[in-house]
Structure formats: C-alpha cells, structure tokens
Amino acid sequence: MRRFENLDAFKAAVGTELGTSEWLTVTQEQVNMFADATGDRQWIHVDQQRAAAGPFGGTIAHGYLTLSLVPTLAESIYTIDGLAMGVNYGADKLRFPHPVAVGSRIRETATLTAISDRGTGTEAHVKFVVEIDGISKPACVVDVIYVLAAA
C-alpha cells in the first residue's frame with residue numbers, strides 16, 4: 001500500500017505507477033448479485049449449465065462488474081491522507097479486451113497520468129489496468145477521473 005501524506009504529495013507522483021492491488025477472485029455469487037442489481041441476466045453470466053457449452057466454456061463476469069471492482073482493488077494500492085473528499089468525475093477510454101471467467105483471480109495496476117487544479121479541487125487522472133491471472137490480455141483498461149479536495 002502506497003500512502004500519500006497529503007494531496008500535494010499525491011500531485012508530486014504524477015507520471016508514476018502507484019502500485020498493484022492484491023488478487024481478488026470473481027465468484028458466481030458476485031456475478032449473480034450484479035445481474036440482479038442491474039437487470040442484466042444474460043445467460044453467459046448466470047446460466048452455468050448453458051454457459052459451459054457456450055463460447056467461453058463457463059460463465060463470465062459482466063464487463064461493468066469488472067469496472068465496478070476498480071475502486072475495491074484500488075483500496076489496496078494507495079491512499080491519500082488529509083482529503084476532505086474525493087468524487088468520481090468520469091472515465092475515459094474504457095475497454096474490456098478479455099472476459100473474466102467466473103473463478104478467475106484479477107488484480108489491477110494504477111498509474112497517475114495527469115493532475116490539474118480546478119475550481120472545485122484537484123482533477124486526477126488514474127489509469128487502471130485490470131489483469132487476469134494467467135491471461136496475457138487485460139480484462140479492463142480505464143482512465144478514471146477523480147476530483148479531490150484537501151481538508
């Protein structure tokens with residue numbers, strides 16, 4: 001875990017890799033709960049018997065489930081002390097190059113690619129690359145934009 005003592009220390013890290021998360025196993029229960037929450041109950045996600053004979057050899061996680069795990073994985077990569085708040089502003093260049101089979105382990109690497117001051121705080125761009133254990137293509141690549149404000 002990389003700890004930044006304040007927002008200024010985080011700003012100084014622009015252009016550097018922040019670190020890599022711990023591994024997380026994606027479970028069928030997570031996929032089913034995501035399907036229930038979003039209404040996306042496509043068989044490739046929730047029908048284990050049918051999916052076993054399908055193109056992926058089993059059920060796969062929703063791409064947006066993988067994206068939704070980015071903040072959870074980031075919690076083991078870095079933290080910034082002394083923030084009053086941090087909010088999601090948006091995302092750029094979102095891609096899902098490889099599906100995540102249920103039971104796979106994923107982790108992510110974060111890189112602070114840009115920092116700029118704006119009226120409401122500091123805009124930070126962090127590129128996350130989610131990898132799958134044993135697979136050369138990433139599961140997800142996304143540039144997340146945060147607005148951070150010092151306490």
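A few remarks follow.
- Any pair with Cβ under 7 angstrom, 6 or more apart, that starts in segment 1-20 at a residue that is under 20 Å from Ala149 (Cα atoms) and in contact (Cβ under 8 Å) with a residue 60 or more places away in the chain and ends at one that is among the β-branched types (Val, Ile, Thr) and not in a strand (DSSP E or B): Arg2/Ile77; Leu18/Ile77
- Meets criteria (in contact with a strand residue (DSSP E or B) (Cβ under 8 Å, 6 or more places away or on another chain) and among the acidic types (Asp, Glu)) for Glu75: no
- Count of residues meeting criterion [within 30 Å of Thr120 (Cα to Cα) and open to solvent by less than 30 Å² (accessible area, probe 1.4 Å)] in segment 1-54: 7
- Residues that are under 17 Å from Thr66 (Cβ atoms) and touching a Gly at 6+ places or on another chain (Cβ under 9 Å) within segment 106-139 comprise Thr109, Ala110, Ala139, listed in sequence order.
- Matching entry among Glu131, Glu108 (being assigned to a strand (DSSP E or B), under 30 Å from Leu7 (Cα atoms), open to solvent by less than 20 Å² (accessible area, probe 1.4 Å) and modelled with pLDDT of 95 or more): Glu108
- Lone qualifier among Ala74, Ala101, Ala91 - being over 18 Å from Val26 (Cα atoms), open to solvent by less than 70 Å² (accessible area, probe 1.4 Å) and in contact (Cβ under 8 Å) with a residue 24 or more places away in the chain: Ala91
- Restricting Asp117, Asp81 to residues that are under 19 Å from Ser21 (Cα atoms), more than 15 Å from the chain's Cα centre (by Cα) and charged (D, E, K, R) narrows the list to Asp81.
The values are calculated or read from the model by the stated rules, or taken from the named source; none is laboratory data. Keep in mind that what you see is a predicted model, and the values were worked out from it rather than measured. Counting neighbours? That spans all protein chains shown, and the Cβs are built from the backbone with ideal geometry, glycine included. With ligands, DNA and RNA removed, areas are computed over all heavy atoms of the protein, side chains included. Shrake-Rupley method; radii C 1.70, N 1.55, O 1.52, S 1.80 Å.
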